[in-house]
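Step one of this worksheet: look at the structure below.
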Amino acid sequence: MQLAIGEQIRSVPITALERAFDAHHAMVFRAAYKVTGNAADAEDVLQTVFLRLAGRDLAVELMENAEAYLRRAAVNASINLLELRSRANVPLDKAPEPHAVGDNADLREVLRLAMATLGARTAEMFALRFIEGYSNGEIAQEFGVSTLVVAVTLHRARKQLQKELERLGGVK
């Protein structure tokens with residue numbers, strides 16, 4: 001990459017962060033969008049993920065599988081954003097109504113609110129499995145646990161989400 005400065009041209013090396021961004025920004029945005037359901041929030045998550053990497057040694061962070069690392073970072077940042085929103089006071093006129101879940105968009109919003117009640121690790125496993133399409137084995141490898149632990153965690157998450165969905169929107 002070259003930048004023109006007056007009459008001079010100087011060479012600026014492309015950093016590992018720039019290479020990672022060029023290669024993976026679209027995937028990070030898509031993963032964030034799937035969880036947040038909002039383009040503006042997905043952009044925020046995209047920026048958050050890469051800003052967090054800016055001060056780190058990328059050779060260590062992205063050593064094995066950059067795509068998996070960044071996808072997981074996007075899901076985590078998205079879940080964090082949802083958790084922050086769920087803790088904020090929601091005006092009564094913005095809260096989901098039991099009859100509002102007939103529309104898919106409303107159902108997705110209620111699901112996002114329900115996911116924000118899960119623990120971070122559980123929500124991340126749930127998002128990787130049911131939103132990103134990872135297998136239980138891939139999730140187990142990513143977290144360094146057995147597939148049985150993943151299966152039990154996902155089962156409990158589904159039960160908890162079912163109860164939360166019933167509470168939030170009357171879904172059974």
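Since every read-out is calculated from the coordinates, none of them should be taken as a lab result. Computed from a predicted model, the values in this text were never measured in an experiment. All Cβ positions, even for glycine, are placed from backbone atoms using ideal geometry, and neighbour counts span all protein chains on display.
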Legend entry - Radius 11 Å from Cβ of Ala42, net charge of other residues (Lys, Arg +1; Asp, Glu -1): -1
Inset, instruction - Pull out a ≥ b ≥ c, the square roots of the eigenvalues of the alpha-carbon gyration tensor of region 116-172, then state rounded if a/c is under 1.5, prolate if not and a/b is larger than b/c, and oblate in the remaining case. - result: prolate
Inset, instruction - Given the peptides 111-118, 33-40, arrange them by the average over their residues of other C-beta atoms within 10 Å, most packed first. - result: 111-118, 33-40
